[in-house]
Every structure is written in structure tokens, then in C-alpha cells.
Amino acid sequence: MKRELLPITKAAYKANLHTHTTLSDGSQDIKTVKQQYKEHGYSVVAFSDHEGLLPHTDLKDPDFLPLTSYEVAVNDNSRRTDDYSFIKSCHMNLIAPEEDCSVSPIFNIDQIWPRIEHIKNYISEEQKQVAFHLDYTTEDFNNMIAAANEKGFLVTFNHPVWSTMNYVDYGGFRGLWGVECYNTGAAREGYVDTMQPIDDLLMQGEKVFPVAADDSHSLKDCFGGWVMIRADELNHKSIYIALKNGDFYASTGPDFEAITLENNIVTVKCSPAVKVFVSSERRFAHAVKAEEGSTITEAKFDLTNYLKFSPFENGYIRFTVVDAAGKEAHSRPYFLNELI
Ligand SMILES: [Zn+2]
Ligand SMILES: [Zn+2]
């Protein structure tokens, strides 16, 4: 029986899940940001201004959905504080389950630094009553993720490379929904994220999805990384559920058209690519490459050898498409218990 691993839906919606405006430290006002993303073919933007969960339902239109979200930042103040470049700074984005949500269980008022003080004018009074102290410890981050998950928020670990965080910092994170594998703003400055933190967490049994996003603060860091969401309708509930289920892929260029599984063979259909590969939690990877100077739009992978061994507890496969410009698309991981 043929199975669609990337669901066939009525539509695919291009989304930037990480955006700043003048409400925090972005340089453009929110209406301009909306207009620019719309003009570049985006249907969804998560306005994730720092520390302020602000619904923007007034920006909704038949072709555009503002996702209600915000970014939480926590500095490692145990390191020297006279030079910001030494400080690790863990940032996470929280996407709300409901569009009119203006209160989160996480409000780390300590982190409202002077540059974004003006966001306090927009934060709900109820939110200001929430006290949630966060130190830079795995325990505090996990308590935050758990509290957010309990209220239905999707939590993404942002730009690990810019944050100068390594496995020692994030290896113990539990309950994340996403990790940024690409952040346009960070990459532009030279902090280029990778899939490694995602594989590190997946190998421990965490079910995390790759997210490519702009983290745009100005027009210079727009339109570099996005997710393409498969959903039937453009509304907050439908997009939230698709995100929660992993019905999307991350990209800096190429597209997945279809990923199907039939008789242990996965067929990946994609936009023109020079290479398509499968990778997994064990030393099982395989790449299908185009002839020099040409491209492919389909690749087949035989999973028989992978699936015939008794499955490891944390098994998964995932797919990558690379185009001629070196841009990449990453599928979500497909877990062994979904494949057999
Ligand atoms: Zn950040
Ligand atoms: Zn940000």
C-alpha cells in the first residue's frame, strides 16, 4: 500500500516562523513587514517579538495569517558579563495554540532589556502578573518547555550557533517541538546553523522538527529560510495543527513535491536538485546524485536493509534535497514506528 509521508492537502503555505518588528528590536513596523512577506509569496508570518505575546488578528486577511507567538531569551550570566560576546544566550520561540492568546505561563520579566522596554506597553496586564524566573540551566529550560507544552505552545530552540550553544548546553533539552536548522539573520552574520542539534536530540528519542526561519529584524534578513506547510485551510487552528503534526518541511530554496512509501521503497519527488539523500540515527545514509551539469526531480531509496534489523528504540529517517545553488530542503524525521 502506498503511503504519503508528506500529506497531500488542499494547499501548501509558505511561512516565516521567526520575525521581529518595531514592537521589539526590529526596524520595520508590523504592517510593512506583513506587506513585504505577502509580496514574496508568504501566507503565514509568526510575529515573534521579544518577550511579548501579542495577538495580531487585525492583520488577518483571506491570503494572510499572523501566527501568535513570541521569543524568550535567557543569558548565561555565570560567564563574564563585561563583554556580550562571551555570553551564551538561549532563545526559544513559543507559538500559541489559539490566535487570541495573550497570556503565556512564561513571562521572564528580567529579560526585558532597555532596548525593548517599549514592548511592556502592549503586554496584557494578566501576562504581567505571571512570574516565571528563568536561569540559564537545563532544569529551568525544561521547566519552561514543560509549562509551555502543557498550555499547547510549540517551542522552538532558536539559532544554536549564534547562541554559542553546544551539546553540553542543549543535550538535555526535553519536549522541544522544533530546532532552527537555518536562521537567515544569524547566517548573514556568519553563524550558520546545521542539522546537528536536531540529530543530537532525535538520537535521544526527542521528536523534534527542523525549522528554517528568517529571524528578520530588517529587510536585509528576510526571505532566506522558511517552512512550507501542508494544510487544508489558512486559519490559525489548521496551521497550528499542521505544524504540531509536522506536516511541513524546512527550506532555503528547493521544494519537496511528494514523499511516498510503498513496499519499503521511499520515492522523493522534488524541484530540480543535484542531490537527494536519506539519513538516519545509525550509519545508514544514501545519496542519489545528478550527473554533472544536470539535475534530478526524483530519487528512490530502498529501506529494506534499514527496516529488517530489529528497530532501535530511537530510529528515524529524514530526507534532504540540495539544489545547484547549494540551497537545502529538510523533511521532518519519520520515526521507525511510523514506517513499519
Ligand atoms: Zn533570538
Ligand atoms: Zn529573534
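The values are calculated or read from the model by the stated rules, or taken from the named source; none is laboratory data. The shown structure was predicted, so the numbers you read here are calculated from the model rather than taken from an experiment. Here the Cβ positions follow ideal geometry from the backbone for every residue, glycine too, while neighbour counts run over all protein chains shown. Surface accessibility is based on the protein's heavy atoms, side chains included, excluding ligands, DNA and RNA. Shrake-Rupley method; radii C 1.70, N 1.55, O 1.52, S 1.80 Å.
What to note about this one:
- Scan of region 200-219 for residues that are part of a helix (DSSP H, G or I) and either of a type in the set (Ser, Thr, Tyr) or surrounded by 19 or more Cβ atoms within 10 Å (Cβ to Cβ) (or both), ordered by number: 201, 202
- Subset of region 148-203 (residues that are acidic (Asp, Glu), without any contact (Cβ under 8 Å) to a residue 40 or more places away in the chain and within 16 Å of ligand 2 (Cβ to nearest atom)): 189, 193
- Check on residue 134, of a type outside the set (Ser, Thr, Tyr), modelled with pLDDT under 95, crowded, with 19+ Cβ neighbours inside 10 Å and in the same structural domain as residue 215 (by TED's automatic domain parsing): yes
- Residue match in region 222-234 (condition: over 21 Å from residue 70 (Cα atoms) and either open to solvent by less than 20 Å² (accessible area, probe 1.4 Å) or among the aromatic types (Phe, Trp, Tyr) (or both)): yes
- For region 292-340, the set of residues classified as of a type in the set (Ser, Thr, Tyr) and open to solvent by 80 Å² or more (accessible area, probe 1.4 Å) consists of 310 only.
- Within region 21-32, not a single residue is among the hydrophobic types (A, V, I, L, M, F, W, C), within 30 Å of residue 117 (Cα to Cα) and away from ligand 2 (no atom under 15 Å from the Cβ).
- One residue alone among 170, 182 is open to solvent by less than 40 Å² (accessible area, probe 1.4 Å), touching a strand residue (DSSP E or B) at 6+ places or on another chain (Cβ under 8 Å) and of a type in the set (Phe, Trp, Tyr), and that residue is 170.
- Residues of region 186-219 that are of a type in the set (D, E, K, R) and within 16 Å of ligand 1 (Cβ to nearest atom): 188, 189, 193, 214, 215.
- Condition check for residue 71: on the phi > 0 side of the Ramachandran plot and either of a type in the set (Asp, Glu) or in contact with a Gly (Cβ under 8 Å, 6 or more places away or on another chain) (or both): no
- Restricting region 2-20 to residues that are more than 16 Å from the chain's Cα centre (by Cα) and in a strand (DSSP E or B), the residue that is nearest to ligand 2 (Cβ to nearest atom): 12
- Here residue 172 meets the list (1) touching a helix residue (DSSP H, G or I) at 6+ places or on another chain (Cβ under 7 Å); (2) closer than 29 Å to residue 218 by Cα almost entirely, failing just condition (2).
- Among residues of region 252-291 being among the basic types (Lys, Arg) and within 20 Å of residue 194 (Cβ to Cβ), the one that is most open to solvent (accessible area, probe 1.4 Å) is 283.
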